[in-house]
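The values are calculated or read from the model by the stated rules, or taken from the named source; none is laboratory data. Quantities reported herein were computed from a predicted structural model and do not represent experimental measurements. All Cβ positions, even for glycine, are placed from backbone atoms using ideal geometry, and neighbour counts span all protein chains on display. Ligands, DNA and RNA are stripped out before the accessible areas are found, and what is left, the full protein with its side chains, is counted by its heavy atoms. Shrake-Rupley method; radii C 1.70, N 1.55, O 1.52, S 1.80 Å.
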Amino acid sequence: MQLITEHSGPSVLSRIFASRQQCPQCGDRLIAPEVTEFIEGGTIQHYWVCDRCGEESQTFVTPPSI
Ligand SMILES: [Zn+2]
């Protein structure tokens, strides 16, 4: 069993936003999600729109249990 150790410092949220996201269509770097939704159960859904080609994509992030 692995435990994820929380270090004092960057919050969970800032680490989520620090994760790099790329457009699946053109590979351009996506800076910030267009929409972020919090789903029941703690899952976070990011909705991305590429500035370059307009490709829409979604990612789901499950934060480590607190
Ligand atoms: Zn793109």
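Under a 5 Å amide H cut-off, with hydrogens placed 1.01 Å from N, Gln22 pairs with Leu30 among residues at least 5 apart or on other chains.
When 1/r is averaged over all different Cα pairs and the result inverted, which Kirkwood radius in Å belongs to segment 24-66? Roughly 11.2 Å, rounded to one decimal. You can think of it this way: the chain between Tyr47 and Ala32 has 4.5 nm of extra reach, that is 0.36 nm per residue less the Cα-Cα gap. Dipole size of segment 24-66 about its Cα centre, with +1 on Lys/Arg Cβ and -1 on Asp/Glu Cβ: approximately 160 debye, rounded to the nearest 20. The HN-Hα couplings worked out from phi for segment 42-47 by the Karplus form 6.51 cos²θ - 1.76 cosθ + 1.60 (θ = phi - 60°) are x, 6, 10, 10, 9, 10 Hz, whole numbers, x standing for Gly and Pro. A 1.4 Å probe run over segment 24-66, with the rest of the protein chains in place, finds 73 Å² accessible per residue. For segment 24-66, the share of accessible area belonging to carbon and sulfur comes to 47 percent (1.4 Å probe, ligands and nucleic acids excluded).
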